[in-house]
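Student: Sharing a structure with you now.
Here, each number is a calculation from the coordinates, and none is a lab measurement. The structure displayed is predicted, hence computed values, not measured ones. No Cβ is skipped: glycine too gets one built from the backbone with ideal geometry, and neighbour counts run over all protein chains shown.
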Amino acid sequence: MSREIVVKRTQAVFREIFDDEQLVINDSMSASNLANWDSLNHINLIGAIQREFNIKFELNEVQHLTNVGRFIDLIIKKINP
Amino acid sequence: MNTFHFEDIYLGLTVSFDAVITQAMLDSFVLLSGDNSPLHTDDHFARERGFLTIPVHGMLTAAFYSQLIGIHLPGKNGYSQEYKIAFTAPVYVGDVLTISGEVEYINAVLKQIWISAKMINQAGKLVSRAKIKAGFLELTAVR
């Protein structure tokens, strides 16, 4: 799966979790610059992304998901082993 | 009270319970919420607007989702994180609601479960549906 498609599907997840159909994600987006990216929504993001891509994260992996770029990189690593 | 631990949870796990809507519940919710809108306190007002009689507050019925999580699924070891609720039909004093919830997704890495829940009245009509996310409590040192 191409990075472009992963980004598109991840953006759809972010839009659902943050309830913002206009949200456009970028690699540097993080909890420090995206409103409502709190601990609960972080948990929700993990779950929603796992479900969207049919993947499972390990605890040590999710601890380093500090921005969107890292999410995308990890998703690609999981689906393209 | 159920005591499901995270390891006990599986996809499709379903629980249900019944609740009877009483006048005391309606009166208490008016006081608790401060929502004394005539829709919920004036029978004539409600009937003029198409209701059979005074409907109870949607959020009153939503309290049963709290019971679903705190008492039944997961029960003692769980806590509510998020609710998305729709009120699909009026509920009246005297109605008997069957509240049910089914586990539809398990977020194993962060011990969170997603529950699809609904309420059906004595006539089999769907009066509410919800998507709920719940977490699991863990023992920590007492502060």
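Student: Sequence gap at least 6, Cα distance under 8 Å: using those rules, report the relative contact order of the range B:6-55 to the nearest whole percent.
Tutor: 19
Student: Tell me what chain B gives for mean residue ellipticity at 222 nm when only DSSP H runs of n ≥ 4 count, each as -39,500 (n - 2.57), the sum divided by the residue total, rounded to 500 deg cm²/dmol.
Tutor: Result for chain B, helices only: -5500 deg cm²/dmol.
Student: Pull up all non-local amide H partners of B:Val15: gap of 5 or more, or a different chain, and H-to-H distance under 5 Å with H placed in the peptide plane.
Tutor: Long-range HN contacts for B:Val15: B:Gly101.
Student: Pairs of Cα atoms under 8 Å, at least six residues apart: use those to get the relative contact order of chain B, whole percent.
Tutor: Reported relative contact order: 29 percent.
Student: What are the membrane-span-like helices in chain A by this rule: whole DSSP H runs, Cα extent along the axis at least 15 Å, mean Kyte-Doolittle hydropathy at least 0.0?
Tutor: Going by DSSP H runs, the hits are A:39-53, A:68-79.
Student: To continue, here is another question. Apply the Karplus curve 6.51 cos²θ - 1.76 cosθ + 1.60, θ = phi - 60°, to the phi angles in the range B:9-18 and return the couplings in whole Hz, x for Gly and Pro.
Tutor: 7, 9, 4, x, 4, 10, 10, 8, 7, 10
Student: With r defined as the distance between the Cβ atoms of B:Glu104 and A:Lys8 and R0 fixed at 30 Å, what FRET efficiency is calculated, to the nearest 0.05?
Tutor: The formula returns an efficiency of 0.75 here.
Student: May I pose another question? Under the rule of at least 5 residues apart or a separate chain, name every residue whose amide H is placed under 5 Å from the amide H of B:Tyr92.
Tutor: Sorted by chain and number, the residues that satisfy this are B:Val56.
Student: Something else now. Apply the Karplus curve 6.51 cos²θ - 1.76 cosθ + 1.60, θ = phi - 60°, to the phi angles in the range B:40-48 and return the couplings in whole Hz, x for Gly and Pro.
Tutor: Going residue by residue, I get 9, 9, 10, 4, 4, 4, 5, 5, 4 Hz, with x marking Gly and Pro.
Student: Assign unit charges at the C-beta atoms only (+1 for Lys and Arg, -1 for Asp and Glu), then state the dipole size of the range B:25-105 relative to its Cα centre in Debye, rounded to the nearest 20.
Tutor: Here the range B:25-105 has a charge dipole of around 120 debye.
Student: Next up: What is the set of long-range amide H partners of B:Glu82 at a cut-off below 5 Å, with H atoms built 1.01 Å from backbone N?
Tutor: Amide H to amide H, under 5 Å and 5 or more residues apart or across chains, B:Glu82 pairs with B:Lys133.
Student: Determine ³J(HN,Hα), in whole Hz, for all residues of the range B:55-72 in sequence, where each value follows from phi through the Karplus function 6.51 cos²θ - 1.76 cosθ + 1.60 and θ = phi - 60°; x replaces Gly and Pro.
Tutor: Listing the rounded values in order: x, 7, 5, x, 5, 5, 5, 4, 4, 5, 5, 5, 5, 3, 6, x, 10, 10 Hz.
Student: I need the calculated FRET efficiency for the pair B:Leu137 and B:Tyr83, taking r as the beta carbon distance and R₀ as 22 Å, to the nearest 0.05.
Tutor: 0.75
Student: Per residue of chain A, what 222 nm ellipticity follows from adding -39500 (n - 2.57) for every DSSP H run with n ≥ 4, rounded to the nearest 500?
Tutor: -17500 deg cm²/dmol
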